[in-house]
Amino acid sequence: MALTEKERTLCDVAACTARGDLKQLGGAFEAAYVAGWTTRELMETATQLYAYCGFPRALNALGVLYARAPEAERGKADENPSRPDGTSLVRGAANQTKLCGREIAGPLFDWCPAIDDYLKAHLFGDIFGRAVLDWRTREIATVAALAALGSVQPQLDAHIGIAKHNGVADADIAEILALVRTEDTVSPFRAGFPNTRYRQYFSGRSWLAALSKRDKETGVPIFNVTFEPGCRNNWHAHTGGQILVCVGGEGWYQARGEKAVKMTPGMVVEIPANVEHWHGAGPKTWFSHLAIECHPETNKNTWLEPVRDADYAAATKE
């Protein structure tokens with residue numbers, strides 16, 4: 001199963017709303033209209049996203065939508081936004097449990113019961129209780145917005161789980177993340193600048209950021225390397241070895257003659273000296289890792305041939 005073109009346009013709307021990119025948002029709304037979304041549905045999406053990216057950006061998004069909506073639809077809405085019958089808190093608690101597949105509780109909510117009430121009563125009772133969009137669609141928009149925001153990994157992970165519980169497949173999640181992520185939203189570390197110095201050794205775009213400011217004194221140079229989907233470096237080897245730490249997205253590492261290893265956040269790969277290898281993003285996923293050069297005073301890097309497309313496809317096939 002894959003996202004429909006209609007769902008892809010909604011991801012673009014959600015991502016532009018979350019980033020506050022009003023220039024791109026106008027075009028995203030136009031594409032969403034062409035794909036078949038109604039003004040009422042797009043209005044509902046922007047309204048819901050205030051809970052994830054704040055009132056200012058949601059209001060700005062609604063302003064952009066209002067300017068592009070058909071003139072006949074700029075009057076009073078035909079949908080009364082008042083709460084449905086029933087108690088919001090009770091209805092929201094039931095919706096939250098059904099949406100997540102379990103009752104949500106814990107010490108954080110015991111410590112701050114106000115946020116628990118707001119989540120249950122307003123988000124899950126008032127917003128998710130409205131019938132304009134189904135829950136699967138709402139979660140697609142939410143995952144897209146959170147991925148575009150960056151630095152909200154716990155909430156993104158939680159909503160990925162909720163989305164999957166509501167019928168969004170793993171392949172759909174991967175596609176959403178690939179659609180909306182940029183070099184600045186893959187990991188908590190800065191992406192730095194386009195990796196032009198080593199461009200000839202990479203298939204696709206990459207970014208490089210030097211993180212250790214005193215590496216000449218400490219002897220430990222650390223770089224954050226970010227790869228766009230499909231990007232990988234050539235086969236190469238280090239005379240002193242290298243350590244990779246995945247800090248965002250999903251990628252792959254392969255030593256010559258060995259099976260490729262999938263890298264996810266928190267995974268560490270220790271590469272011995274002179275082992276020929278490559279590493280990079282998956283075909284549809286962004287990837288960011290820290291690269292730590294071992295024995296930098298004598299470590300030399302030898303670049304070899306590019307990874308062939310067929311070999312890359314075979315190595316990253318799951």
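The values are calculated or read from the model by the stated rules, or taken from the named source; none is laboratory data. Just so we're clear, the structure is a prediction, and the values are computed from it rather than from any experiment. Note that each Cβ is placed from the backbone with ideal geometry, even for glycine, and that neighbours are counted across all protein chains shown.
Annotations
- A count restricted to region 22-40 and to residues that are surrounded by fewer than 15 Cβ atoms within 10 Å (Cβ to Cβ) and either among the acidic types (Asp, Glu) or not in a helix (DSSP H, G or I) (or both) stands at 3.
- Tabulated pairs, region 123-137, first more than 17 Å from Lys164 (Cα to Cα), second assigned to a loop (DSSP other than H, G, I, E, B), C-beta under 6 angstrom, 6+ apart or interchain: Asp126/Arg83; Gly129/Pro84
- Taking residues in region 301-318 that are free of Cβ contacts under 8 Å to residues at least 24 places away in the same chain, and partners anywhere that are assigned to a helix (DSSP H, G or I), not one pair has Cβ atoms closer than 7 Å while being at least 6 places apart or on different chains.
- Of all the residues in region 209-244, those that are out of contact with any Leu (no Cβ under 9 Å at 6 or more places or on another chain) and surrounded by fewer than 18 Cβ atoms within 10 Å (Cβ to Cβ) number 13.
- Residues located in region 8-21, provided they are in contact with a Lys or Arg (Cβ under 9 Å, 6 or more places away or on another chain) and assigned to a helix (DSSP H, G or I): Ala15, Cys16, Thr17, Ala18, Arg19
- For the residues Thr316, Thr264, Thr302, the requirement of being surrounded by 20 or more Cβ atoms within 10 Å (Cβ to Cβ) and under 25 Å from Ala191 (Cα atoms) singles out Thr316.
- Taken over region 267-293, the residue count meeting the criterion of being surrounded by fewer than 18 Cβ atoms within 10 Å (Cβ to Cβ) and either outside the structural domain of Phe227 (by TED's automatic domain parsing) or out of contact with any Phe, Trp or Tyr (no Cβ under 7 Å at 6 or more places or on another chain) (or both) is 9.
- Sole exception among (1) surrounded by fewer than 20 Cβ atoms within 10 Å (Cβ to Cβ); (2) aliphatic (A, V, I, L, M); (3) touching an Asp or Glu at 6+ places or on another chain (Cβ under 6 Å) for Ala191, by number: (1)
- For the residues Lys317, Lys284, the requirement of being at pLDDT below 95, in contact with an Asp or Glu (Cβ under 7 Å, 6 or more places away or on another chain) and of a type in the set (Lys, Arg) singles out Lys284.
- Screening Asp184 with (1) surrounded by fewer than 20 Cβ atoms within 10 Å (Cβ to Cβ); (2) within 13 Å of Ala2 (Cβ to Cβ) gives one miss only, at (2).
- Flag if Ala163 is assigned by TED's automatic domain parsing to the domain that holds Val268, without any contact (Cβ under 8 Å) to a residue 40 or more places away in the chain and under 24 Å from Lys284 (Cβ atoms): no
- Only one entry in Asp126, Asp117 is under 29 Å from Ala15 (Cβ atoms) and either in the same structural domain as Glu44 (by TED's automatic domain parsing) or over 26 Å from the mean Cα position of the chain (by Cα) (or both), namely Asp126.
- Of the residues examined, Ile104 is one that is among the aliphatic types (A, V, I, L, M), outside the structural domain of Met267 (by TED's automatic domain parsing) and not in a helix (DSSP H, G or I).
- Residue in region 140-147 that is at pLDDT below 95 and either surrounded by fewer than 19 Cβ atoms within 10 Å (Cβ to Cβ) or among the aromatic types (Phe, Trp, Tyr) (or both) present: no
- Output for region 17-55, where each listed residue is closer than 26 Å to Ser151 by Cβ and either of a type in the set (D, E, K, R) or without any contact (Cβ under 8 Å) to a residue 24 or more places away in the chain (or both): Arg19, Asp21, Lys23, Gln24, Gly27, Ala28, Tyr50, Gly54, Phe55
- Test result for Gly240, at pLDDT 95 or above and not charged (D, E, K, R): yes
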